[in-house]
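Single-structure report; data block below.
The values are calculated or read from the model by the stated rules, or taken from the named source; none is laboratory data. All values derive from a computational prediction rather than experimental measurement. Note that each Cβ is placed from the backbone with ideal geometry, even for glycine, and that neighbours are counted across all protein chains shown. For the accessible areas, the whole protein counts, side chains as well, though only heavy atoms, and no ligand, DNA or RNA atoms are used. Shrake-Rupley method; radii C 1.70, N 1.55, O 1.52, S 1.80 Å.
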2 protein chains.
Amino acid sequence: MLIESLKSFLDKGQVLSGMELKDRYHHIWKMEESLQAVALVMPRNTEELSKIMKTCYAHGQKVVIHGGLTNLVGGTETHKDELVISMEKMNKIQSVDLMSRTMTVEAGLILQDIQEQAKVHDLLFPLNFGAKGTAQIGGIISTNAGGLRVLRYGVTRHQILGLEVVTADGQIISSMKKIIKDNSAYDIKQLFIGSEGTLGIVSRAVLKLSSLPKSRVSAFVGFNEYAKVVDFLKFMDGGLAGTLSGFELIWQESFIAMTSPPALVKAPLGHDYRYYVLVESMGSKQERDQALMQDLLEEALEKKLILDGTIAQSQADLDWFWTIREDVHVLVSQCNNDQHFDISLPINLIGDTLEKIVVELKLMEEVEKVFVFGHVADGNIHLIIGKRVQSDALIHRINEIIYAPLKDIGGSVSAEHGIGLHKKAYLHYCRSEAEISMMRMIKKTMDPKNLLNRGKVVDG
Amino acid sequence: MLIESLKSFLDKGQVLSGMELKDRYHHIWKMEESLQAVALVMPRNTEELSKIMKTCYAHGQKVVIHGGLTNLVGGTETHKDELVISMEKMNKIQSVDLMSRTMTVEAGLILQDIQEQAKVHDLLFPLNFGAKGTAQIGGIISTNAGGLRVLRYGVTRHQILGLEVVTADGQIISSMKKIIKDNSAYDIKQLFIGSEGTLGIVSRAVLKLSSLPKSRVSAFVGFNEYAKVVDFLKFMDGGLAGTLSGFELIWQESFIAMTSPPALVKAPLGHDYRYYVLVESMGSKQERDQALMQDLLEEALEKKLILDGTIAQSQADLDWFWTIREDVHVLVSQCNNDQHFDISLPINLIGDTLEKIVVELKLMEEVEKVFVFGHVADGNIHLIIGKRVQSDALIHRINEIIYAPLKDIGGSVSAEHGIGLHKKAYLHYCRSEAEISMMRMIKKTMDPKNLLNRGKVVDG
């Protein structure tokens, strides 16, 4: 009866169910199981999405919203009694405003398409991360994604000027403004950004674009002490003044794996440093900005902040340097039963905390590999762990080793990817009971029938 | 009985009532009336604030929170049946973390004290505006204040890493983290930032600090066409890369008033341009950055983007240039019955929209002066209007002239100052009914007895 109702206003090709779901869609990104769901519907515009939610609300039908399915925390896992709303047909750029420097987009648009379209107009959409060819902007907004340029441009929250959402009962809450400052009462959109589709469904957005930098300079540098990494960050942030756009830290074991076979790229610096930083500036004149980077690295060498450094001299070098950092798949391919982490902690405590964690993990017989790297200027560290065996108990034990220390130091179990299903049990390591009960109160207010991504993030 | 309860845990000097309120406190900033209130209490810490709210909740006592009282929208107006909570005794810096580059502060701390303390540590707290010597950080957070450097560093929302609030029923919701990225479930603090004390009372915060720029270069330039202002903004944003930190637009009539007696400063450019821009870069090396500004202005002159320009050559020049822009009092002093505006609109539409508004205002017999200036790169324009007479009907008529055109172009009746009492009737020009009813639902959920700043912003 629900499906009949949906088919009354959607075309045949927009509603898939039963055998039509087989092979079409994977349950979770990269996994081989077929999608199990009541049906999958694909709205073509906000009005259809609103009608779908009105129908679901009337039927008490639970829904899961599917974007690019790249969240990695089980945020889009679907049960067979849930309806999937896939945003893939809402994938249009509605306008680019060159004067206001904004782009108006539908939620199903893929990040890379946004980046490329901005570039055509000599503008930059600064969000950038590995899954850019798959991740959809609606999901990116719903998880407040971060990535490689947060240091300079901020997280997703800072790129969203206007937002339109559809609520659990099918209302359209639209505020598609292009303005940068708006203190006219509560900034409702902030509630939907980062709440992983549990409070409303993002349908459209107005994105803020930035000037397209005309120069890009990158360098790899080596350290043996973590404290020097922090000193170097402060030194470069001051010296590059506003043009610093990347500061990525790679631990030795990861660096070796990223630059040795089977990895296809070689190392731009020797393998004998404990820490490697890939630092990047984006400015307006290549020659001048390259000279500034050179001057600063020489000064840093003299001051003994860094032990060695090498600057990319060509576009080929830039591609080489960034492939090392971005091709995380090289690490994953060396891990059996890989387990991924995306934690946040105060920058000054990263060195010691991670050292203790790695030592503890390496003492475990089950653990084969521990790769550590991250956006250190944002306090955001990623770990990829390879294990000889796999079990729920082992996953939990490793989670505890990594998440428990975050409580006392004011860290977070999720810097970028969100909570979804997989991190829900560990939320108490970074949120107080008072906070979690306020979240539940908000969930109950916004989604009284608990229809949107039920059971994810917090209980309704 | 309420006052007895409050006195049971507060010292005598922390509770003022009756004649003690006389002369001590003004009703609204700069106004001469005495404060009318049930009492005024001054908590010394979060626990006392929590106890005060528990007491008020039990008694159903309405409260108004007083910070520096500089909001200008009636956000702190108090009725005689309300209790005032003044944050002035919670004015301590609790810590400065030089590695994480954060400052942990109490809500009653004054902005200028924060700026100065950051500078001592070679760091920058980038928020800056005219009322910095009076405005308290709790109020700044509650109104999501903007100011002169939003272009580069963002609004208040972007400077807040951790926040602690006390809710209507006296609960302490504390998340005093120093981390930059935290996607662990709903980002609750976003609800309290900019909600003008109607959802909770900010008690403490962790502020993000930035590198203290080592150079500052400012220039005044002149234009006769608004479109060229926008082209010049794009040109400078690209050319200065990440170092552009200010781009203030002043309309001719304002510029003349700001640089002619009774103003104490003279004009750095002739009085014959229709628009003046004060552009600023903050970088790392004075000489190099000054040369870059010089090169860019010369190029802009050649390209006919600008008609004339002059660069500050000394600290005295910098002070001179910025006094022109910051000393808004010079304009106010030339206005009888002054009426202030703080609107936001898409950057491309500012020239035409403001021209129409000014023409319409000038046709009014009651209007003597119309001063226009603003943070044009943020789309944020201020107007100060002087009138021969004063009446509520006239205030409303002028409000309508300025606010009504914002509806169709996606503007805002408040870019920076908030809604308070004075703009509540005009909120519908920038928020839909669906948005306002969602705001009311949130207010009801967070403050079920409608005790916090009742009647301000939205109805509970």
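Does B:Phe247 meet the test of being aromatic (Phe, Trp, Tyr) and either more than 14 Å from every other protein chain (Cβ to nearest Cβ) or out of contact with any His (no Cβ under 9 Å at 6 or more places or on another chain) (or both)? No. Any chance you could count how many residues in region B:412-422 are more than 9 Å from chain A (Cβ to nearest Cβ) and open to solvent by less than 50 Å² (accessible area, probe 1.4 Å)? Qualifying residue count, region B:412-422: 1. Among the residues of region A:423-446, are any within 8 Å of another protein chain (Cβ to nearest Cβ), closer than 30 Å to A:Tyr275 by Cα and in contact (Cβ under 8 Å) with a residue 60 or more places away in the chain? Yes, region A:423-446 contains a residue that is within 8 Å of another protein chain (Cβ to nearest Cβ), closer than 30 Å to A:Tyr275 by Cα and in contact (Cβ under 8 Å) with a residue 60 or more places away in the chain.
Assessment of region B:390-402 against the conditions (open to solvent by 20 Å² or more (accessible area, probe 1.4 Å), touching a residue at least 24 places away in the same chain (Cβ under 8 Å), assigned to a helix (DSSP H, G or I) and within 9 Å of another protein chain (Cβ to nearest Cβ)) yields no matching residue. Selection of region B:286-319 for residues being touching a strand residue (DSSP E or B) at 6+ places or on another chain (Cβ under 6 Å) and either within 14 Å of another protein chain (Cβ to nearest Cβ) or of a type in the set (Val, Ile, Thr) (or both) yields B:Gln286, B:Asp289, B:Gln290, B:Met293, B:Ile306, B:Thr310, B:Ile311.
Within region A:408-426, can you find the residues that are of a type in the set (Gly, Ala, Ser) and in a loop (DSSP other than H, G, I, E, B)? Those that are of a type in the set (Gly, Ala, Ser) and in a loop (DSSP other than H, G, I, E, B): A:Gly410, A:Gly411, A:Ser414, A:Ala415, A:Gly418, A:Gly420. All of (1) β-branched (Val, Ile, Thr); (2) within 19 Å of A:Leu452 (Cβ to Cβ); (3) crowded, with 23+ Cβ neighbours inside 10 Å hold for A:Thr102 with one exception: (2).
Only one entry in B:Arg440, B:Arg454 is in contact with an Asp or Glu (Cβ under 8 Å, 6 or more places away or on another chain), open to solvent by 10 Å² or more (accessible area, probe 1.4 Å) and assigned to a helix (DSSP H, G or I), namely B:Arg440. Look through A:Asp317, A:Asp295 and report the one residue that is in a helix (DSSP H, G or I), within 29 Å of the chain's Cα centre (by Cα) and not hydrophobic (A, V, I, L, M, F, W, C). None of the others qualify; the one that does is A:Asp317. Consider region B:298-314 and keep the residues that are assigned to a loop (DSSP other than H, G, I, E, B) and small (Gly, Ala, Ser). The one that is nearest to the chain's Cα centre (by Cα) is B:Ala312. The condition (being of a type in the set (A, V, I, L, M), touching a helix residue (DSSP H, G or I) at 6+ places or on another chain (Cβ under 9 Å) and without any contact (Cβ under 8 Å) to a residue 40 or more places away in the chain) is satisfied by just one residue among B:Ala185, B:Ala257, B:Ala205, B:Ala263: B:Ala185.
Under the condition of being in contact with a Gly (Cβ under 7 Å, 6 or more places away or on another chain) and either farther than 14 Å from A:Ala257 by Cα or open to solvent by 30 Å² or more (accessible area, probe 1.4 Å) (or both), the residues counted in region A:310-335 number 3. Taken as a whole, the condition of being open to solvent by 10 Å² or more (accessible area, probe 1.4 Å), of a type in the set (Val, Ile, Thr) and either in contact (Cβ under 8 Å) with a residue 60 or more places away in the chain or touching an Asp or Glu at 6+ places or on another chain (Cβ under 8 Å) (or both) applies to A:Ile409. Of the conditions (1) modelled with pLDDT of 95 or more; (2) in a loop (DSSP other than H, G, I, E, B), B:Pro405 satisfies every one except a single condition; which number is it? It is condition (2) that B:Pro405 fails.
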